[in-house]
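FYI, it's all coordinate maths here, none of it is from the lab. Note that the coordinates shown come from a computational prediction; the quantities given were computed from them, not determined experimentally. Using ideal geometry, Cβ is built from the backbone for each residue, glycine included, and neighbour counts are taken over all protein chains shown.
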Amino acid sequence: MSRALVAVGLVALAAVAAAQEVTTVSVSTGLILLKDDTVAPIDLGKRYVKWKVRTKLDPVEHQVAIPAPGSAGDPTMVGATFTVYNTTGSGEAVSVDLAASRWLWTGGLYKYTNPAGPVRVVYVRPYKLYVRGAGAGWGYTLDEPTQGRIGVRLRLGTAIEWCGEAPGRLPASLYDRPDKFWSAKSAAPATCAALPGP
């Protein structure tokens, strides 16, 4: 196939993707784990994020169903975005673009790897989501007394977005404090919590 035809095909795919409406699915959360370091001497390399989702036993409308290869939700073609944000009004939010070039489709799952990036690993497979990031490039800070509730979103291209939300485990003095947020398990929210405004 000529380069001209490839270019035309990519332009056509981009136009279809732009016109497609994103489907948003709320999912249960098994774990949201955030870490930071705000006590001198500060080591931003200790920052960490993890999100784990398992939905096989959940109602169908709250399960993870992966988009087909070649579709507008195929992250190997259109990339993805991962967002963590506070849902109690602090306004804090961090969003990371996950480049298409770092995604692979293998064995019935999508896998993202970037050993030096703020988000290191993402798995998207039937019923399951897993995201892990770390390092100074991960920008979510934990310098408030508590977070209260944390929302998470993973969007693949222009086709599908999953969202979850969870409060910190109790007691807050151990699990929702400066430098650490460890969520309780939480059912899928009825609707995705709104992102903080500009």
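Summary table
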| read-out | value |
| --- | --- |
| Tilt relative to the chain, helix 3-19 - C-alpha long axis, 0 to 90 degrees, to 10 | 50 degrees |
| Neighbour-limited loop hits for trypsin sites (Lys or Arg not before Pro), region 42-84 (at most 14 other Cβ within 10 Å; DSSP other than H, G, I, E, B) | 56 |
| Positive minus negative residues near residue 165 (Lys, Arg vs Asp, Glu; Cβ under 11 Å) | +2 |
| More than 24 Å apart - percent of Cα-Cα pairs taken over the chain | 41 percent |
| Long-range HN-HN contacts of residue 23 with modeled amide H, under 5 Å | 160, 161 |
| Dipole moment magnitude, nearest 20 debye, region 76-198 about Cα centre, only Lys, Arg, Asp, Glu C-beta charged | 520 debye |
| Relative contact order, percent, region 22-182 [alpha-carbon distance under 8 Å, six or more residues apart] | 31 percent |
| Spatially close lysines, pair count over the chain: Cα under 20 Å, gap of eight or more or interchain | 19 |
